Each structure stands twice: as structure tokens, then as C-alpha cells.
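Novice: Have a look at this one.
The values are calculated or read from the model by the stated rules, or taken from the named source; none is laboratory data. All of these numbers come straight from a predicted model, not from anything done at the bench. A quick note on method: Cβ atoms are made from the backbone with ideal geometry, for glycine too, and the neighbour counts reach across all protein chains shown.
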Amino acid sequence: MADLTNNFVGIKSPNPFWLASAPPTDKAYNVTRAFKAGWGGVMWKTLGEDGPPVVNVNGPRYGAIWGGDRRLLGMNNIELITDRELQVNLREIKQIKKDWPDRAVVVSLMVPCEEDAWKAILPVVEETGADGIELNFGCPHGMSERGMGSAVGQVPEYIEMVTRWCKANTSMPVIVKLTPNITDIRYPARAAHKGGADAVSLINTINSIVSVDLESFSPNPSIDGKGSHGGYCGPAVKPIALNMVAEIARDPETAGLPISGIGGITTWRDAAEFMALGSGNVQVCTAVMTYGFKIVEEMISGLSNWMDEEGYTSIDQFVGKAVPKVSDWQYLNLNHITKAKINQDLCIKCGRCHIACEDTSHQAIMAQKDGKRHFEVMNDECVGCNLCVLVCPIEDCIVMEALEPGVIDERTGKVVEKDYANWTTHPNNPAAAKEPAE
Amino acid sequence: MGENILKEGISSGRLPPSQLEKNFADLHPPLDRHEALVEAERCYFCHDAPCQEACPTEIDIPLFIREISTGNVLGAAKTIFNQNILGGMCARVCPTETLCEEVCVREEAEGKPVKIGHLQRYATDMAMERNAQFFTRATDTGKRIAVVGAGPAGIACAHRLSTHGHDVTIFDARDKAGGLNEYGIASYKTVDGFAQAELEYVTAIGGIKIELGQALGRDFSLDDLKKKYDAVFVGVGMGGVNALRAEGEDAQGVADAVDFIADLRQTDDLSKIEIGRRIIVIGGGMTAIDAAVQAKLLGAEEVTICYRRGHEEMNASEFEQNLATTKGVVVRHWLQPKKVLTAEGKVTGLELEYTEMVDGRLKGMGHTATLPADQIFKAIGQKLDTHHAQGLELVGGRIEVDENGKTSRQGIWAGGDCVAGGDDLTVTAVAQGRDAAESIHGALMGETR
């Protein structure tokens with residue numbers, strides 16, 4: 001069986017599945033249950049400064065969107081950092097670390113952007129025996145209005161500064177958690193790297209309003225008739241997170257900077273994808289808030305079985321393996337030509353491929369043949385866009401098939417070239433390098 | 001099991017009232033909101049959907065299901081009623097497994113079609129509960145149309161005519177309007193007086209007068225109507241019952257299944273309906289199934305359907321046949337009635353002859369079987385009442401019509417079971433009534449149709 005043990009910036013855990021800093025990791029009670037269920041580590045819910053703790057709203061804290069059968073696809077929250085006394089949290093962290101020495105316990109922190117505030121909290125956290133700290137520069141609601149969370153994460157200079165303070169004042173590994181509420185994720189990551197961060201973790205939640213109540217006209221979750229934007233998470237954010245992880249992983253300036261992947265991870269497969277794009281481990285939150293801690297069993301067995309099938313004996317053998325496959329658009333091979341093909345044995349004749357193509361794309365799928373309901377791709381119109389594959393309700397009924405070099409593309413009438421050629425050299429590109437004049 | 005169930009002969013009260021109430025409850029309890037949403041999500045919103053094509057009234061099924069899925073249930077109801085004003089009844093009685101649901105792509109994909117009938121009921125029930133009315137009458141045209149028969153065809157025709165601003169008078173021979181919706185469908189398919197509630201809901205549009213106890217051929221003729229009205233629509237159904245052509249069929253205990261079904265629908269106390277201990281139902285259609293299943297539900301110990309042809313040829317749908325067998329009815333094929341056995345004028349059994357197909361023709365084999373019975377229901381088909389022909393051309397014993405429902409006589413249209421070429425379904429009757437109304441409207445308003 002594959003070895004799932006994880007070594008992330010020197011923090012060891014029996015598997016790469018950690019719980020993200022969030023309600024599931026707010027108390028010893030929950031964390032104990034999580035460890036019993038098999039989770040490899042936790043990011044303890046964000047601690048703030050010593051003193052009176054923050055208060056939360058007492059109305060609904062979460063909102064959601066659903067797919068069919070009310071399957072939760074995306075959730076947002078307006079909860080703040082821990083609202084429990086600092087000392088209580090520290091005591092519990094210390095006990096948990098003592099009870100579960102083989103699990104990772106990293107403490108998420110958020111204090112004002114002043115060096116003294118960080119100097120004050122770092123030693124008391126270190127004293128618990130925690131394995132590391134995660135700087136919460138991500139929460140987009142509430143705390144950001146007080147100059148913390150994403151308010152820091154949106155200013156690379158602040159990220160670098162605070163990271164440097166932390167590195168100077170603790171020997172614990174420092175993981176910087178990034179907000180996705182920026183235009184280019186590489187800048188905050190570079191700042192963290194410059195400040196000396198041991199790793200970055202991402203993404204934190206996304207600014208969002210999940211829905212509007214059309215009777216009260218209040219956004220949800222609604223607190224006495226009003227709502228504020230909250231942090232969006234869950235399966236719906238995974239594509240955004242994957243891209244941001246990949247952007248950092250392939251940025252030469254942050255090459256080699258460890259990444260802890262977060263964002264809608266629900267199954268072993270999601271986790272493997274994040275890891276393939278360069279995440280050394282992953283953090284999960286919404287999935288356990290939806291289904292409970294037990295899902296880690298599926299994640300462990302799924303990842304392990306996949307690794308066995310693929311011949312990987314340890315996770316570092318596939319971490320980052322997809323990174324070289326991520327490219328800029330301009331380097332994609334324009335000579336790679338595909339056509340959709342409908343498997344008539346699998347086709348149930350719903351016609352969705354036809355109407356999608358007919359109404360919104362390239363009029364490349366017929367709806368009738370010999371007077372009968374029949375759906376077939378017309379290669380002379382098909383641009384290979386893949387829309388039909390996506391809207392088809394039957395898996396593998398429509399597949400994209402690449403044309404072999406040498407055959408004629410019926411749409412363009414041109415022979416398919418076997419050589420790679422991209423936009424940078426394309427004759428239609430005004431900026432393309434021209435052949436030198438004779 | 002109570003003792004009454006063992007009573008010989010024909011008797012009422014075989015089962016306690018509480019059991020009867022349970023037995024005759026709604027066959028398909030309505031979907032609740034969540035069930036409806038989950039089911040609606042299953043619809044693929046097909047292009048040029050096969051289900052819509054399979055529906056005789058061509059309801060835009062993908063659209064109404066999508067409307068349900070977005071919480072726009074009244075929009076869904078309107079989509080249904082636009083095509084089929086009796087969408088509520090059709091949701092209950094349509095053999096969806098041989099219509100829309102048979103061709104649902106989910107049936108092809110996984111053998112589990114979207115429950116279109118249940119969803120249609122969900123939407124139409126809600127509209128009726130709220131009395132949401134979607135149609136108004138156009139400006140009064142001053143035209144008056146007579147509709148004969150207040151069944152599905154007549155009601156659908158009258159409603160559509162009313163929307164166009166015409167005044168309609170419906171004549172019906174019975175004490176209650178509704179036709180087979182009121183008298184001819186198993187009780188468990190349409191509970192709680194649904195047929196009358198639907199009638200009220202539909203006629204609420206106004207401009208529709210219903211004259212009950214008025215029989216064509218007895219109280220008036222088509223010539224009378226032609227004189228008084230601008231157009232006539234005939235939707236009289238099939239008033240006659242085919243004879244068994246078996247010796248002794250006049251014996252006490254031999255009855256028409258349609259009468260039995262009507263009695264069940266009209267009673268307010270099921271424990272007063274008499275039923276035998278051993279029942280034979282002759283026939284292979286929906287009427288046979290409805291009678292047999294309800295005989296069983298009333299407490300008959302043995303119920304056997306005897307059909308002279310094979311399983312494949314039965315008119316009753318697969319679903320109906322399965323329903324019968326799960327309720328404990330025995331279905332026997334290739335048996336035709338030969339002689340009703342009696343003692344003191346009462347039925348004691350039935351002698352049947354085995355049959356086979358020889359060169360495409362059904363033939364008796366000479367071998368016989370005898371089944372004990374104290375009650376025999378005939379369900380071997382209905383025919384047009386001879387008083388109803390009224391000089392109209394017939395084909396195959398039914399009224400001949402063109403694709404617009406026009407009969408051989410100028411100014412007279414017809415639709416529903418009484419016309420040739422149909423399939424004896426409520427939904428087809430609705431489609432024919434509706435389309436005839438459009439044709440009448442066109443003719444009266446000077447359009448060429």
C-alpha cells in the first residue's frame with residue numbers, strides 16, 4: 001500500500017489531509033473527533049489578540065447555493081475568528097498536541113498589523129508545542145474592516161512585512177494564507193516568499209453574496225433584514241483555487257515555495273489534482289461541514305488505491321507533476337485539431353448537443369438523418385470546441401478525437417500538420433516574429 | 001381477515017370500512033415539494049423532446065418541468081393547461097408508460113423515465129388548489145355552439161370555444177357531467193371528487209352552460225341542435241356494451257364492468273357495494289383491469305381476468321397488468337367464454353374454451369376449462385349507441401371524421417371515443433375536442449380550415 005505520510009515544511013503527519021482553519025477546528029472537542037476519524041492535521045481556527053474575544057453575529061452565519069437534489073455546491077460565511085478566550089484555546093492546543101503527537105497542529109493567527117502584537121502572541125503559541133503557524137491574511141469579511149485578514153493580504157508590502165516579523169520572532173514554520181480577492185495571486189505569494197515564508201496556503205474564501213431573498217430583498221445570510229458579503233467556499237470555488245495554486249507553482253520567482261492547497265476539496269480526486277498542481281498537502285473545510293469528518297476515510301483509501309494503481313509509493317512522486325503542463329495560451333499547439341464524435345450506441349437522443357451547437361455555437365450537429373431523430377457531428381463545421389461533450393448527460397458518449405497528421409480537416413480543407421505551431425509564430429499575429437526579409 | 005370475506009355468493013361489506021378506505025386511497029400519493037424538485041432535476045430538457053411528441057395533446061413537457069424546478073409551479077400549470085385543459089385528470093389516468101414516459105430519454109438511458117405524470121399532477125394540483133385561472137374569454141362573438149356529451153372531449157372543446165368568445169351549451173344524458181372522468185375510471189385513480197372539482201375549475205371561465213339529463217336521440221336530435229346553434233360538437237363516447245356471445249349471459253350475477261366501475265365511483269359508502277367471493281372478468285383492456293382490481297379491493301377472494309388472446313395483445317398497459325397481479329388478480333390468457341353455468345338462475349361458474357391463433361385468426365381449440373364464479377363482469381369493449389349515429393357516416397362502427405374533427409354532415413364536428421381512429425384515451429379525447437374547437441372557431445369566423 002502507498003505511503004501517505006506527509007512532510008510539509010518539516011511538519012509530519014500520517015496523511016496529507018488537514019482540516020483548514022475554520023469552525024471544525026475551533027475547539028479540542030471537534031479536533032479530537034477529527035483526529036479519531038483519521039485527519040492528518042488541523043489548522044486551528046484563527047486566534048486573535050489576548051483580551052476580550054471578538055463577537056459573532058447571532059443570526060445565520062452561512063449561506064449556500066445548491067445543485068440538483070439540494071446538493072451543496074457553494075457556501076459562504078460571515079463568521080469571524082475564534083470568539084473564545086485566547087487562554088482557553090492555547091490550553092486546548094497544548095493538550096491536543098500532547099494527546100496526538102503524530103498529527104499536525106498548526107495555529108492560525110490574526111492580530112493587528114503591528115509588530116508588538118505579533119511579538120506578543122508568537123511566544124505563547126510556540127509554548128503550546130504547536131507545529132507551526134498560519135498567518136490569516138485571507139478572511140474577506142468583518143476582520144478586514146478592522147485592517148486585518150484580507151486587508152493585509154491585498155497589500156503585498158504588508159504581507160512581506162508581517163511575514164518577516166513572524167520569522168524574526170518565532171522558530172515555528174510560518175505558512176502565509178492568501179486571499180483570492182486580488183487580481184494576480186503571484187504578487188502576494190512573491191511578497192510572502194520575500195518575507196521568508198516557509199510556505200503559502202490558498203485559497204481563503206472569496207467575496208460573495210450567495211443569494212437575495214426576493215421577499216425581504218435582503219442578501220443571505222440575512223441578519224435582521226440585512227446581509228453583508230461573506231467568504232465563499234466549497235466545490236464551486238475549486239477551479240479558481242486550482243488556477244491560483246498553479247500560477248504560484250509555475251512562477252519562477254516563487255519556484256520551490258511549498259504550497260498547502262485549499263478550495264472546495266471534497267474527494268481524494270480533488271486532493272490529488274491540487275497536489276499534482278504543486279500542493280504539498282491539502283486542507284479541507286466545506287466538505288466536512290457538509291458531511292462530517294468521516295469523509296477522510298474515503299480520501300485516504302481513494303488516494304492510496306489510485307497511487308497503488310499508478311505505481312506511486314509516496315506522495316512526493318506526483319506532487320507538482322502537472323505544473324509543467326500548465327502553459328500560457330499563446331504556446332498552445334494550433335496544429336492540434338480535434339473533432340467531436342458521438343457514440344451512437346451510447347446516445348440516448350436527448351438532443352442537447354444539437355441545440356447547444358445549433359443555437360450557441362457552430363451548427364455542427366445534425367438532429368435528423370433519413371427522417372429519423374439522429375445526432376451526428378458534421379466534421380466540416382465542427383471546430384472542436386467541446387461544448388457538446390460538456391452538455392451531454394451521458395459520460396463518454398461524445399468524445400473529442402484528434403485528427404492524425406496528414407489527414408484533411410474537412411472544415412478548413414487543409415492538411416493537418418504534424419509539427420507544433422503556436423500563436424507567437426502564426427501569420428495572423430501582428431506581433432509574430434516575421435521571417436527575415438531576403 | 002373478517003368472516004364476511006368467506007360469505008358465498010354476492011354480498012356487501014366483505015371488508016371493514018377502515019380497510020376499504022385504505023384499499024381505495026389514492027393509487028399514487030402526490031409528490032411533495034422536495035420530491036417534485038428532485039424529480040424535475042432529472043429532466044434533461046431535451047431538444048425537440050420525444051415526450052412532447054408522444055403526448056396526444058403535445059404538452060411542452062420539458063418546459064413545464066423546468067418551470068417546476070425553478071419554483072415557478074403556476075407557470076408550469078399554465079404550460080400544461082395551454083395544451084390540455086384536463087391536464088389534472090390526464091396526470092392521473094394517462095398510461096404514461098406507453099406515452100410520454102415510454103420515450104423519455106431517461107427510459108432509454110437507465111430504464112427509469114422522469115415521472116412526467118406525477119410532475120404534471122404536482123403542478124396542476126397546485127394551480128387548482130389556489131384556483132389560479134389562466135384563461136379569459138375573448139370578446140363575445142355572438143356565436144352559439146352545442147356540445148353533446150360532457151366527457152373529456154366535450155369539456156375540452158367547450159373550454160377552447162369559450163376562450164374564443166363563443167357561448168357553449170353542453171348536453172349530457174347523465175345526472176352528473178364529466179363522462180368517463182366521472183363514471184368510467186377506477187376510484188383509486190381519481191379520489192376526493194376530483195372529476196367534479198376539475199369540471200368546476202375548467203368551466204369557471206364562463207360562457208359554458210351544462211344541461212344534464214338530456215340524451216341525444218331521446219330528448220333531442222342533431223337536427224334540432226343544428227337549427228338552434230351555429231355549430232355542433234358530438235362527444236358522446238361509447239354508450240353501448242358489447243355482448244359476451246356466451247350461452248346464459250342473462251343469468252343473475254353477470255354484469256357490465258362499466259356499470260360496476262360507475263357504481264363504485266358514485267357511491268358514498270363502499271361497504272354497500274356488493275361483490276362476489278369468486279369473480280371472473282372477461283376482457284383485456286383498462287376496463288377489465290379497473291373492474292378486477294376494484295373487485296379484489298372490495299374483498300373478493302378470487303379474481304380472474306380471462307382474455308381470449310395473449311399477453312402481448314392486451315390493451316391494458318404493462319403497468320396496469322402489473323398493478324392487477326400485485327393486487328392479487330390472476331390474469332389468464334387464451335381463454336374465451338363459452339357458457340355461463342348457473343343454478344337457480346344464479347351464476348355458479350363459467351365454462352371457457354382455450355383459443356389459439358391459426359393463420360392470423362383466433363380459433364377455439366375445442367378444449368374447455370371450467371372456473372367457479374358467483375359474479376362475472378363483461379369488459380369486452382363498448383360500442384357507439386345506435387341512437388347516437390343520427391345520420392352521420394360511420395367507419396368501423398364509429399363516427400367518421402377528418403383531421404379537424406369534421407363529420408360527414410356540414411356544421412357537425414365530433415371527437416373522443418365515439419370517433420374512428422382514436423385510441424380510447426382521455427388525453428386523445430381532450431386533443432380531439434380542443435382541435436375540433438379550433439376548427440369550429442375557424443369555420444364560424446370565416447377562416448378557411
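Novice: Condition first: within 12 Å of chain A (Cβ to nearest Cβ), within 27 Å of residue B:130 (Cβ to Cβ), modelled with pLDDT of 95 or more and part of a helix (DSSP H, G or I). Can you find one or more residues in region B:84-102 that meet it?
Specialist: For region B:84-102, residues within 12 Å of chain A (Cβ to nearest Cβ), within 27 Å of residue B:130 (Cβ to Cβ), modelled with pLDDT of 95 or more and part of a helix (DSSP H, G or I): absent.
Novice: OK, next. For region A:317-338, check the following and say yes or no: at least one residue is farther than 30 Å from residue A:427 by Cα and assigned to a helix (DSSP H, G or I).
Specialist: Looking for residues that are farther than 30 Å from residue A:427 by Cα and assigned to a helix (DSSP H, G or I), one finds at least one in region A:317-338, hence yes.
Here is a yes/no grid of residues against (1) polar (S, T, N, Q); (2) at pLDDT 95 or above; (3) in a helix (DSSP H, G or I); (4) within 28 Å of the chain's Cα centre (by Cα):
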position: A:94; (1), (2), (3), (4): no, yes, yes, no
position: A:113; (1), (2), (3), (4): no, no, no, yes
position: A:124; (1), (2), (3), (4): no, yes, yes, no
position: A:160; (1), (2), (3), (4): no, yes, yes, yes
position: A:164; (1), (2), (3), (4): no, yes, yes, yes
position: A:172; (1), (2), (3), (4): no, yes, no, yes
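Novice: State which residue pairs qualify: first residue modelled with pLDDT of 95 or more and inside region B:23-48, second residue in a loop (DSSP other than H, G, I, E, B) and among the basic types (Lys, Arg) in any location, beta carbons under 6 Å apart, and separation of 6 or more residues or different chains.
Specialist: B:39/B:115
Novice: Additional query: Quick check on this structure: which one of B:344, B:312 is acidic (Asp, Glu), closer than 17 Å to residue B:283 by Cβ and modelled with pLDDT under 95?
Specialist: After applying the criteria, what remains is B:312.
Novice: Out of all the residues in region B:27-48, is one or more more than 13 Å from every other protein chain (Cβ to nearest Cβ) and either among the hydrophobic types (A, V, I, L, M, F, W, C) or within 30 Å of residue A:353 (Cβ to Cβ) (or both)?
Specialist: Yes: region B:27-48 contains one or more residues that are more than 13 Å from every other protein chain (Cβ to nearest Cβ) and either among the hydrophobic types (A, V, I, L, M, F, W, C) or within 30 Å of residue A:353 (Cβ to Cβ) (or both).
Novice: Does residue B:417 satisfy the criteria of being out of contact with any Cys (no Cβ under 8 Å at 6 or more places or on another chain), buried (at least 17 other Cβ atoms within 10 Å of the Cβ) and either at pLDDT below 95 or not in a strand (DSSP E or B) (or both)?
Specialist: yes
Novice: Follow-up question, since we're still on this one. Since residue B:114 meets every condition but one in (1) more than 12 Å from chain A (Cβ to nearest Cβ); (2) in a loop (DSSP other than H, G, I, E, B); (3) surrounded by 23 or more Cβ atoms within 10 Å (Cβ to Cβ), which condition does it not meet?
Specialist: All conditions pass for residue B:114, except number (1).
Novice: For region A:341-366, how many residues meet the condition of being more than 7 Å from chain B (Cβ to nearest Cβ), in contact with a Cys (Cβ under 9 Å, 6 or more places away or on another chain), over 18 Å from residue B:42 (Cα atoms) and assigned to a helix (DSSP H, G or I)?
Specialist: Residues that pass the stated criteria total 2.
Novice: Can you say whether residue A:39 is more than 14 Å from every other protein chain (Cβ to nearest Cβ), part of a loop (DSSP other than H, G, I, E, B), on the phi < 0 side of the Ramachandran plot and modelled with pLDDT of 95 or more, as far as the supplied structure shows?
Specialist: Yes, satisfied.
Novice: Among the numbered criteria (1) outside the structural domain of residue B:71 (by TED's automatic domain parsing); (2) surrounded by fewer than 24 Cβ atoms within 10 Å (Cβ to Cβ), which single criterion is violated by residue B:151?
Specialist: Unmet condition: (2).
Novice: Here's a follow-up. Residues that are buried (at least 16 other Cβ atoms within 10 Å of the Cβ) and either among the basic types (Lys, Arg) or in the same structural domain as residue B:417 (by TED's automatic domain parsing) (or both), at least 1 per element: which helices (runs of 4 or more DSSP H) completely within region B:254-349 meet that?
Specialist: Correct list: B:257-266, B:286-298.
Novice: Across region B:49-76, which residue is farthest from the other protein chains (Cβ to nearest Cβ) among those that are hydroxyl-bearing (Ser, Thr, Tyr) and over 21 Å from residue B:98 (Cα atoms)?
Specialist: So the residue we want is B:70.
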